[in-house]
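Structure first, commentary second.
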Amino acid sequence: MSSSVQRKRIRKSPAARRAEIVVAAASVALAEGLECVTLRRIAEELDVRPGLISHYFPSVEDLVAEAFGDAASAELDALLPADRADGTPTQHLVSFFAQATGESYDDISRLWINARHLSRYRAVLRDRVAEQEAAWRERLAGVIRDGVERDEFRTEDANVTAIQILVVLDGLGVHATTGDSDRPPAVARMAVATAERELGLAEGALG
């Protein structure tokens, strides 16, 4: 006598389901671009009906903004954790540059370029890009201010120095989108060199 066991479908809480949708959208955004974040595409990714996605995100513009925000926030937390109890400011910057100037950073660089381009036409995304830019700037400036207080760094304005570093990283990100794999060492370490110069550090201090 054969028997079958029917698998119970676990009903997720609204918060858990919404978070699942955002994570899936962020994954698609990183791999394929924000233009590919549609209600139908994310429904396919999660194997659910498009109506379920539209229940949580009636406007695809909100989902696109959430996808970018989730991906950008996750990358920031990985590169510069808000909780910096362990390690010195110098060590935090060494870790930051080691991760932010390699090939693994190229996907998020492309996503930033993608988001800034689309934000010209999408107000919700434009606001989210501005929000993330402020978060990245403040997190990096916070590390710099900590270093100044500990007499590890020297700079008159931590915010300006943070912006200078991020602008160079953005430029390297644009370079990565050209498909040109020839990145001489002097070019690859431009962000590091900028930080060392603006923070009054010796060449090589940040790795």
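Assorted remarks:
- Contacts under 8 angstrom Cβ, first residue in segment 126-147 being closer than 14 Å to ILE165 by Cα, partner outside any helix (DSSP H, G or I) and among the acidic types (Asp, Glu), 6 or more apart: none
- Here LEU206 fulfils each of the conditions (1) out of contact with any helix residue (DSSP H, G or I) (no Cβ under 8 Å at 6 or more places or on another chain); (2) buried (at least 19 other Cβ atoms within 10 Å of the Cβ) apart from (1).
- The number of residues in segment 79-110 that are among the small types (Gly, Ala, Ser) and within 9 Å of the chain's Cα centre (by Cα) comes to 1.
Values in this text are rule-based calculations from the coordinates and carry no lab data. The model shown is predicted, which means the values in this text are computed figures rather than measured ones. Counting neighbours? That spans all protein chains shown, and the Cβs are built from the backbone with ideal geometry, glycine included.
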